Amino acid sequence: RTPHEEILATLFADTLAIPHIGTHDDFFQLGGHSLLAARLIARIRARFGAKIGLPAFFDNPTVAGVASALAGDDSLGGEDEALIPLKSGGSRPGLFCVHPVTGLRRCYAALTPYIADRPVYGLRVTEPNGGDKADQQRPSLDQLVAEYLGRIRQAQPHGPYHLLGWSLGGTIVHAIGCALQEQGEQVATLALLDSYPPRAGYSPDSITPRAIEAMALDMDGIAESDADFIESLARASTELMHIVRASPIGKFDGSIVFFTAAADQAKQGSTADAWRPYISGAIEDFAIDTDHLGMVRRGPLAEIGRILDVVLAREPADT
């Protein structure tokens, strides 16, 4: 559509060794992986003399997304945009997906084809490249939730709200759901993907950059070779774990939808019933034949997406 997009399309296609790429084709769905992504980003930086933000590429690995970032348009995943649509359009209230411990949200991308007639939003941790904040007071979970709520309500001012979180993200969306109810809003869906309340007295160790790189590869489909970025993710992830683990758990007035990683049940011992003290309603539990990390791989997410779409559609509040 523009000269920039034409150049970018050539760079994308050459890197992937394919003859043609569409403006909105996903780099990773066409066979891209972490090494090719690093190569492509280096070529883009060399060609345009601009440093494309890694979060922008993670969120929008398309010609259109990169062109938008080059133009300084944050609406498609610029450096400072914490909440973006993973899927746009639809007439029904959106589904808001909160990042896991890595702070990234690309892990939910494969869910979107199965969610009908509603946008799907992804929330990532803010300021993943924020630098050393050791001299600053660690924020509380309430402060984190308030910041996230501001972004969610900017995208959708009123309920009913539909929330989803995997792993640590599930604990955060539970807190968001409680906060929305305190504000008088309706939370129609609170969906947790193999997420459990923090254990009493648990003190998380620091997460190493190598561990974060491995998790990003498993969870988000890409591991980036930029050491500074990976280290910043490790810092943010460590902060997230401390914030969540150190905070009291509220009580959600309603039911939850739970997806259990059935392959891990025997060894971890935790079940969806761990949430009973923190909700007033029922727990609808669906067993998914995978382990914890496998919950956000394509096959399990396809199964989760089909179930979740039925759950979302039956909510009386948005019919």
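So the values come out like this:
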| quantity | calculated |
| --- | --- |
| Under-5 Å amide H pairs with Val187, H placed in peptide plane, nonlocal only | Tyr161 |
| Karplus (6.51, -1.76, 1.60) ³J(HN,Hα), θ = phi - 60°, over the range 284-297, in Hz, Gly and Pro reported as x | 9, 10, 10, 8, 10, 7, 6, 9, 4, 5, x, 4, 10, 8 |
| Solvent exposure, largest accessible area first (probe 1.4 Å, DNA, RNA and ligands not counted), of Tyr121, Tyr114 | Tyr114, Tyr121 |
| Using θ = phi - 60° and Karplus 6.51 cos²θ - 1.76 cosθ + 1.60, couplings along the range 105-111 (whole Hz; Gly, Pro as x) | 10, 5, 4, 8, 4, 6, 7 |
| Approximate spin-label separation Ala50-Ala71, in nm, with each point projected 7 Å along Cα-to-Cβ | 1.0 nm |
| Solvent exposure, largest accessible area first (probe 1.4 Å, DNA, RNA and ligands not counted), of Asp273, Asp26, Asp253, Asp194 | Asp253, Asp273, Asp26, Asp194 |
| Surface accessible to a 1.4 Å probe, Asp142 within the full protein complex, Å² | 120 Å² |
| 5 angstrom amide H check on Ile279, placed H, neighbours 5+ away | Phe252 |
| Packing-based ranking, highest mean first, of 296-307, 254-265, 90-101 given that Cβ atoms within 10 Å are counted | 90-101, 254-265, 296-307 |
| Ser195, Ser270, ranked by accessible area, largest first (probe 1.4 Å) | Ser270, Ser195 |
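The values are calculated or read from the model by the stated rules, or taken from the named source; none is laboratory data. Predicted model, so just to flag it, every value in this text is computed and none were measured. As a convention, Cβ positions derive from the backbone with ideal geometry for all residues, glycine included, and neighbour counts pool all protein chains shown. In case anyone asks, the SASA skips ligands and DNA or RNA and just uses the protein heavy atoms, side chains included. Shrake-Rupley method; radii C 1.70, N 1.55, O 1.52, S 1.80 Å.
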